[in-house]
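**Q** One structure, pasted below without further comment.
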Amino acid sequence: MQASTTMAAPEVPFSRSLGSRQRRALLAHPLWWVGLMIIVALAVFSFVGPLFYHVSPIAVHPYISDSPPSAHHLFGTDVLGRDELSRVMWGGQGFMLVGFVSAICASVLGTGVGLLSGFAGGLTDRLLMRVADIFLGIPQLVPLLLFDVIFLPNDFTMIVILAFTSWPLVSRLVRAEVLTVRARDYVEAAVAAGASRPRILRRHVLPNILSTSLVSASGQLGQTVLILATASYLGFGLPPPNPNWASMVADSTQYLTGGNWWLFLAPGLAFMFLQVSVYFIADAVREAFNPRALQGAS
Amino acid sequence: MGRYLLVRLGEAVVTLLVIAMAIFGLLHLIPGSPVYAILGHDATPKAVAQLNALLGLNLPIWDQFGRWLQATLFSAQGGQVLTRLLPVTLELLGFSSVIAFGLACVVALVQVLHPRSLADRVLTALTYGFYGFPAFWLGLVLIWLVGLELLWLPPNGWPGALQPGLGSWVVHLIMPVATLALTTVGGWSRYLRASIEEALQADYVRTARAKGASERRILVRHAFRNSLLPLITLTGISLPTLMNSVIVVEVIFYIPGAGAGFLQALDGLVFSTATTIAFFLAVVTVLGNVVADACYSLADPRIQYN
């Protein structure tokens, strides 16, 4: 393996962007397309759907409460007579937006911390990684809910809290990669040539850890969306009155004994599709960007 | 190995101390002061000072932390969390992780033994599917389907003083543990499968093959056994994530464990209880990780810790 890497090295042109070979591997991966298609479909459903389906998700109609799916209300209505289809549409908006934005924030934060930790070394490194380990060692829901109770949640605080409690995994992986990149010959050559530390970081280290960062970010997406859903289910996530899939499932639990299956089926399935598509994409990205997996494929 | 475990335990204690400090610091982030909350905002400065002294809020922050930690660990409340709530949570966590571990082994072995077969495809689809189920939703679907429509199992609850006995305990445990195990097994089996496939490329497999060992024997005795090690590590690492699900599952199934207690305390803004439980939940996962490390070093005789 060692030999093949050194032999392949001259053929790979230096570039700031991610390798085209990896990009091609990603675009050739069926899971990438399936995942992407599901996510795009869900996004269109949630963001474009309401433009064509003009039924309010929060308008109350007591006289048609609790009706099962019918031609008039495709997904039925809830206990207040609110149209379930419209609620599922709107329920995806805040949910996907907050989930994706916080996953990106967590990944950027994690990459930054990982870079700093791996590059600075010494006390900074030890302190940062100690903090990361602590976050990784406890159930994320515990700090998340404590923060949530203290800083009352809206979309913005939710993103901050989610990012603040989810960065450690990315930072750990990025740091490990920084350490290996730092030991490479081209970094030593740059040091010998008198390059400044910021230049080495920007020009040599950062481009080479981007794929690790991307892989862990795509993995982070599923985690963040799941934890957001779990917190929302427990009543601590995105605030009402706007519906979101998880709190819709939570609301439906009171009526389980009444057999109102449509109330938890639609939002739950929507969330499951989102989660599975995120996993598909994460798997595709990991396999495309992981050099070991590439070697196995070729 | 004993020495290594001692070192790991020492690290865990330090980690837990830092977590305790963080939780204590969090308490100070709560807006408002307990003194004004008790006395009202038109309290006289004298009354405020008196109550501050009574509650120990005039002490240096380190003394306050010590008192808080003592109260968390050794008070009647801490004792209740430890003896009543945590055992239930540990039961769920323990059973579900063991069952998920076993299921992951079975799934991965079937998939590697019969690649591209119908069983492989069905299992792949199922593990992806269950992996996508959030615990709160799978739990609800089970409650609705098995508990309320089919009436096979009690939809929720926990055998307390009302329904003692082994049968009642098992019956109440099945659905929560199934929820936890099924939502966990997907990630583990996929990981195990990948590491078995990687192990099959190893030199010792080639050697075994050269010596004429059967494929099944190579797979089970060589590749599989060596792949179990990373799975043990993964199990340890996954404990906090599994604990997230345990918290939710306790809420869904009305199980009187630490997770449900935590949420109840948060809902009622009873911060002393919430932080006590939060700390004990951290204790469980941090120590669980040490246990996983111990299992790892037991399972792998090559590892020498000095």
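The values are calculated or read from the model by the stated rules, or taken from the named source; none is laboratory data. Only a predicted model underlies this, so the values are computations on that prediction, with no experimental measurement involved. Cβ sites come from the backbone with ideal geometry, for glycine too, and all protein chains shown count toward neighbours. For accessibility, only protein heavy atoms count, side chains too; no ligands or nucleic acids. Shrake-Rupley method; radii C 1.70, N 1.55, O 1.52, S 1.80 Å.
**Q** Give B:Ala294, B:Ala258 a once-over and let me know the one that is small (Gly, Ala, Ser) and at pLDDT below 85.
**A** After applying the criteria, what remains is B:Ala294.
**Q** May I pose another question? Within the stretch B:98-116, track down each residue that is outside any helix (DSSP H, G or I) and either within 14 Å of another protein chain (Cβ to nearest Cβ) or out of contact with any helix residue (DSSP H, G or I) (no Cβ under 7 Å at 6 or more places or on another chain) (or both).
**A** Scanning the stretch B:98-116 gives B:Pro115, B:Arg116.
**Q** Based on this model, can you work out whether B:Leu180 counts as open to solvent by 50 Å² or more (accessible area, probe 1.4 Å) and either within 14 Å of chain A (Cβ to nearest Cβ) or within 21 Å of B:Ser238 (Cβ to Cβ) (or both)?
**A** No, not satisfied.
Matching residues to (1) under 23 Å from B:Ile237 (Cβ atoms); (2) crowded, with 24+ Cβ neighbours inside 10 Å; (3) modelled with pLDDT of 85 or more; (4) among the β-branched types (Val, Ile, Thr):
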site	(1), (2), (3), (4)
A:Val131	yes, no, yes, yes
A:Pro143	yes, no, yes, no
A:Asn154	no, no, no, no
A:Ile159	no, no, yes, yes
A:Ala163	yes, no, yes, no
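**Q** Could you go through the stretch B:273-288 and let me know if any residue there is open to solvent by 40 Å² or more (accessible area, probe 1.4 Å) and modelled with pLDDT of 85 or more. Please lay out each step first, then the result.
**A** Residues of the stretch B:273-288 that are open to solvent by 40 Å² or more (accessible area, probe 1.4 Å), as a first pass: B:287.
Those left that are additionally modelled with pLDDT of 85 or more: B:287.
The answer is yes, given that some residue of the stretch B:273-288 is open to solvent by 40 Å² or more (accessible area, probe 1.4 Å) and modelled with pLDDT of 85 or more.
**Q** Could you tell me whether B:Phe65 is more than 14 Å from chain A (Cβ to nearest Cβ), open to solvent by less than 50 Å² (accessible area, probe 1.4 Å), of a type in the set (Phe, Trp, Tyr) and under 30 Å from B:Ala22 (Cβ atoms)?
**A** Judged against the criteria, B:Phe65 is a match.
**Q** Moving on to the next point. Hey, could you check the stretch B:117-150 for residues that are open to solvent by 30 Å² or more (accessible area, probe 1.4 Å) and outside any helix (DSSP H, G or I) and say which is farthest from the other protein chains (Cβ to nearest Cβ)?
**A** B:Ser117
**Q** Show the residue pairs meeting these rules: Cβ distance below 7 Å; 6+ apart or different chains; first residue within the stretch B:224-241 and within 14 Å of another protein chain (Cβ to nearest Cβ); second residue of a type in the set (Asp, Glu).
**A** Pairs that qualify, where the first residue is within 14 Å of another protein chain (Cβ to nearest Cβ) and the partner is of a type in the set (Asp, Glu), are B:Gly236/B:Asp293.
**Q** Another question about this same structure. Name every residue in the stretch A:187-221 that is farther than 18 Å from A:Val113 by Cβ and either outside any helix (DSSP H, G or I) or free of Cβ contacts under 8 Å to residues at least 12 places away in the same chain (or both), in order of residue number.
**A** A:Glu188, A:Ala189, A:Val191, A:Ala192, A:Ala193, A:Gly194, A:Ala195, A:Ser196, A:Arg199
**Q** For the stretch A:237-256, which residues satisfy the criterion of being touching a Phe, Trp or Tyr at 6+ places or on another chain (Cβ under 6 Å) and either away from chain B (no Cβ under 13 Å) or not small (Gly, Ala, Ser) (or both)?
**A** Across the stretch A:237-256, the qualifying residues are A:Pro243, A:Asn244, A:Trp245, A:Val249, A:Leu256.
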